[in-house]
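Asker: Below: one structure in structure tokens.
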């Protein structure tokens, strides 16, 4: 006897109700504090407001030759919120709704595969890791990435190559993590060859072929093609090769076994239980050993957890995939032993999820307030500058991390670099080196290179910046034009004799 292939259920009121509940949970968590989590979200909501337009804000970077929106469909998904709601509210509501989409994809995947209590298992990842919850609160593409990855996996296991092709194409337009779909498809081929019970073995090479074709189509058939091919090389290959030479966000630096346990210990526990259940089922020669899908799910979760050992970014995949592996392994064990009462399984899991959600929401809110600045801290200085100089000036800023907030509140200006340092480095390595040295306090009169090399008429120093004010106040080429508790704005004066 083999595990019966479940039927895919169409969208129903149950599915709609599940999404509403998930959205309500994510909105409640998002509005338990007033911060926008993750500075990049400011840029994403600003770009979403002009989703099919250009991105003129970094003329000195690789984008000076033309914008390549490698997250085009993510910005399109955010666009309705950017068009209908004021900025900060749009960022928070958009992030919460897209987080619900990611969790709803888990629910839909598990429901399609006949897993009992799919809604509870969909909520389990954020109940087990408040770090995952706070990452889902960021207005970033991670939630859509999880949804598209699961949709692609479902197409793989159902042997729908055209579905794999379409998902990979859309995925590549959404987030370049889409490239992972090719190794995922290759892993599925290996798992399909395992001798598990009476399930027929197959060699579904159409899956990897469809994934590769879809990913390539997503790069070639794109509104910003052919620059998409060059940008993929720059953003994915060259960035990784030069990671040690350029600064990266803290999420790339956080790694190691201790960090993994501290940030996603519950996800690791879920994976270990899934491995134990699957191993026990595989050892026994009963009627219903472990299914290939469960083995596939466990291996995907193991791979994602190894990724999370290196970088906190992979928590977005390791914790959900670990919970999915647990749900599939529990399904297999339940079918082999006979269905226990729904109350016996559902009640303890519901209590665990409810307690975990409460803890995660409270802890994430504390962390957001402690680590994120007030979302409107640069509103006043950019408003003053817009009135003083409305002619789209280049504004020098002393940290690349300041770019998203500056462009959110001052979208009529131009800036030096943001999102990733390699965008400036790849355009002009010497200019990036100079920018980094100035930001580190090099030179008694930084106004000269700011004026001559960067072409800036204004320089904004976002506070706190130890030693920054003393250095800039001593520069005769700078005149303090505006100050408040969050920022200092200097006019860059013309060179003597000009």
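The values are calculated or read from the model by the stated rules, or taken from the named source; none is laboratory data. What you see is a predicted model; the values in this text were computed from it and never measured. Counting neighbours? That spans all protein chains shown, and the Cβs are built from the backbone with ideal geometry, glycine included.
Asker: Residues of the stretch 450-498 being within 20 Å of residue 401 (Cβ to Cβ), surrounded by 13 or more Cβ atoms within 10 Å (Cβ to Cβ) and out of contact with any strand residue (DSSP E or B) (no Cβ under 8 Å at 6 or more places or on another chain), which ones? Walk me through it before giving the result.
Answerer: In the first step, residues of the stretch 450-498 are kept if they are within 20 Å of residue 401 (Cβ to Cβ); the result is 450, 454, 456, 458-469, 471-472, 484-490.
Now narrow it down to the ones that are surrounded by 13 or more Cβ atoms within 10 Å (Cβ to Cβ): 450, 454, 456, 458-463, 465, 468-469, 471-472, 484, 486-490.
Scanning the stretch 450-498 gives 465, 471, 484.
Asker: Continuing with this model, one more query. So, in the stretch 156-180, exactly how many residues are within 21 Å of residue 223 (Cα to Cα) and part of a helix (DSSP H, G or I)? Show your work before the answer.
Answerer: So the first thing to find is which residues in the stretch 156-180 are within 21 Å of residue 223 (Cα to Cα), and the list is 165-179.
Keeping just the survivors that are part of a helix (DSSP H, G or I) gives 165-172, 176-179.
The qualifying residues number 12.
Each row is one residue, and each column tells you yes or no for (1) in contact with a helix residue (DSSP H, G or I) (Cβ under 9 Å, 6 or more places away or on another chain); (2) in a helix (DSSP H, G or I); (3) in contact (Cβ under 8 Å) with a residue 24 or more places away in the chain.
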| site | (1), (2), (3) |
| --- | --- |
| 418 | yes, no, yes |
| 423 | yes, yes, yes |
| 427 | yes, no, yes |
| 430 | no, yes, no |
| 433 | yes, yes, no |
| 442 | yes, no, no |
| 451 | no, yes, yes |
| 454 | yes, no, yes |
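Asker: For the stretch 235-274, which positions are modelled with pLDDT of 80 or more and surrounded by 18 or more Cβ atoms within 10 Å (Cβ to Cβ)?
Answerer: Passing the criteria: 263, 264, 266, 267, 268, 270, 271, 274.
Asker: Follow-up. Show me the helices (runs of 4 or more DSSP H) found entirely inside the stretch 1-113 where at least 3 residues are within 27 Å of residue 291 (Cβ to Cβ). So that I can check it myself, show each step before the final result.
Answerer: Details: elements: 13-30, 40-48, 72-84, 87-112.
Per the criteria, 13-30, 87-112.
For (1) modelled with pLDDT under 95; (2) farther than 29 Å from residue 329 by Cβ; (3) surrounded by fewer than 22 Cβ atoms within 10 Å (Cβ to Cβ), each residue gets a yes or a no:
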position	(1), (2), (3)
49	yes, yes, yes
52	yes, yes, yes
69	yes, yes, no
92	no, yes, no
95	no, yes, no
101	no, no, yes
123	no, no, no
148	no, no, no
153	no, no, no
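Asker: Could you list all residues from the stretch 374-411 that are closer than 22 Å to residue 140 by Cα, touching a strand residue (DSSP E or B) at 6+ places or on another chain (Cβ under 9 Å) and outside any helix (DSSP H, G or I)?
Answerer: 377, 378, 399, 410
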